[in-house]
Amino acid sequence: MSQYSEEIKRRRTFAIVSHPDAGKTTLTEKLLLFGGAIHVAGAVKSNKIKKTATSDWMEIEKQRGISVATSVMAFDYEGYKVNILDTPGHQDFAEDTFRTLTAVDSVIIVIDIAKGVEAQTRKLMEVCRMRKTPVIVFVNKMDRDGKDPFDLLDEIEEELQIKVRPLSWPIDMGQRFKGVYNIYEQKLDLYTPSKQYVTEKIEFNDINSPELESHIGDTLAEKLRSDIELIEGVYPEFDVETYLRGDIAPVFFGSALNNFGVKELLDCFVKIAPSPRPIQAVERVVEPEEDNFTGFIFKIHANMDPNHRSCIAFVKICSGRFERNALYKHVRFGKQLRFSSPTAFMAQKKETVDEAFAGDIIGLPDTGNFKIGDTLTSGEELHFKGLPSFSPEMFKYIENADPMKAKQLNKGIEQLMDEGVAQLFTNQFNGRKIIGTVGQLQFEVIQYRLLHEYGAQCKWEPISLYKACWIESENQAALENFKKRKSQYMAVDKEGRDVYLADSGYVLTMAQQDFPDIKFHFTSEF
């Protein structure tokens, strides 16, 4: 038993994921409100012109109203230490989200009652299933008209391939929305639309008591009773173990914008969600309670503070305790590093921390020492795996638009690529730089950030490519021959690995047939 186990047990580290517009950022803000991290909902957007929530702080996010960079926020709640990772919902940033999911112990999925399960949500759920991550579903926007709750539950089961169990149940919806019955705590929560204050709760242990009618009227009381009876009949009793194994998802209903149903979600979440879990490293399984510190970098973010040209490397602590100013081993470099100003986050406010424990996420100022997937330990040789880079689907040449600023441009590209926002390939034939991304929006973000954070102007030129594949072969001669034959389409990535840029699906298939000795990989992790 570790001396830190009490600290570690009270950690709850999770990500909130959803399709764009399902209300994820709003939910994050309301959770912070209950955690006392902000004092009045909408406080972060009290100035009407700057309509931005705490977690969306990058300029382009404010303009678009979307989260493009994962933010980390921490707060204390009822004796628990809660770490939220807000992820981009926009599919152009899916890769960032997939990586974030490697750093959390559980997930809350937000679903819009009117739209139901959307494509992006399905993809994210696949990653959770792969990793057996426990999931809680929050059905949002109950103050609008949407699907019948029972139909929606069927849809979730079918689309996300997971069994569900409602722990709260809505009483009507849209204009007629009266509130929810909290099955988990057997309480009635009545709704009055208010974005600022939390509504009263009525202890209600016996749903059959005639008192119910006086709160919600005869028709709804009758419907609620029959709904609850149906739920108890159709769905298995809620069992925490099944949830922790990732086999069943508890479901809550509410309206994040109106601050309704959020506290119920949080109260149940801190009780049932997992504390930090063991993590599989290449060498062995790392238990969170071990005394020695281990952690890995899952994200790098340039310029959280526009006045400083530095990056922040986000470290997920896997075991033990991290101490400020202690020496830790950077496994890839094989050297000891010391960190004098590790930070913890509350959106844009960072504060220096003296210690952090397994389950926490800290930021280390980075001047180019780190890349995604790096491991830090108290001295052991360990490698954490499972942080893939996927083959990009869109490509453009990046050119310098201002010859006086070549240095700034190169520095900017290098830092943004370290963040894993996109990938850089250098064409071996003509030396031109090619940026590959999974979505169009990333090109805009890169151009915007190069200009505003590095003072560098870039312009894009079209290039028609189908896919980037990392290639390797046991047979050196075959590899050389391939590179000679395909010389115009050969590039190297940032790590100097060989990448073949296929210009069509047909050409790629032919290459795979013509060169049987060559292995083609579509993620950089092999």
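The values are calculated or read from the model by the stated rules, or taken from the named source; none is laboratory data. The shown structure was predicted, so the numbers you read here are calculated from the model rather than taken from an experiment. All Cβ positions, glycine included, derive from the backbone under ideal geometry; neighbour counts span all protein chains shown. Just the protein is used for accessible areas: all its heavy atoms, side chains included, with ligands, DNA and RNA removed. Shrake-Rupley method; radii C 1.70, N 1.55, O 1.52, S 1.80 Å.
Extension gain for the segment D145 to D514, taken as residue separation times 0.36 nm less the Cα-Cα distance, is 127.1 nm to one decimal. From most to least packed by mean Cβ count within 10 Å, the peptides 20-31, 262-273 give 20-31, 262-273. Between T352 and A119, what is the FRET efficiency for a Förster distance of 41 Å, r being their Cβ-Cβ separation, to the nearest 0.05? With a Förster radius of 41 Å, E is 0.50.
Each label point was placed 7 Å from the Cα along the Cα-to-Cβ direction; for K494 and D402 their separation is 2.3 nm. In this structure, the amide hydrogen of I362, modeled 1.01 Å from its nitrogen in the peptide plane, lies closer than 5 angstrom to those of V315, I317, counting only residues at least 5 positions away or on a different chain.
Of the Cα atoms belonging to segment 335-488, the radius of gyration and Dmax stand at 19.2, 56 Å.
Near the amide H of R11, within less than 5 Å, lie the amide hydrogens of K81, all on another chain or at least 5 residues away, with H placed in the peptide plane.
Please work out the average accessible area per residue across segment 209-281, using the 1.4 Å probe convention, and give it in Å².
On the way: 3070 Å² over 73 residues.
It amounts to 42 Å² per residue over segment 209-281.
Here's the list of aspartates and glutamates a cross-link from K433 could span, going by alpha-carbon distance under 19 Å and ignoring same-chain residues fewer than 8 apart: E393, E399, D402, E414, D418, E419, E444, E461, D493, E495, D498, D503. Protein heavy-atom accessible surface, 1.4 Å probe, per residue over segment 443-493: 51 Å². Rg of the Cα atoms in segment 207-294, relative to 2.2 N^0.38 Å, amounts to 1.65.
For the cross-link pairs K147/K223; K405/K467; K316/K371; K299/K486, the ones whose C-alpha atoms lie over 22 Å apart are K405/K467; K299/K486. Phi angles of segment 490-507 translate, via the Karplus equation with coefficients 6.51, -1.76, 1.60 and θ = phi - 60°, into HN-Hα couplings of 9, 9, 10, 8, 4, 8, x, 7, 6, 10, 9, 9, 7, 8, 7, x, 5, 4 Hz per residue; Gly and Pro are given as x. In this structure, K459 and E480 have a Cβ-Cβ separation that, at R0 = 35 Å, corresponds to a calculated FRET efficiency of about 0.50. Modelled spin-label separation between K271 and T219, with each label point placed 7 Å from Cα along the Cα-to-Cβ direction: 3.4 nm.
Between E393 and A326, the distance separating the two model label sites (each 7 Å from Cα on the Cα→Cβ line) works out to 4.3 nm.
Take the Cβ atoms of L337 and R284, set R0 to 25 Å, and the FRET efficiency comes out at 0.65.
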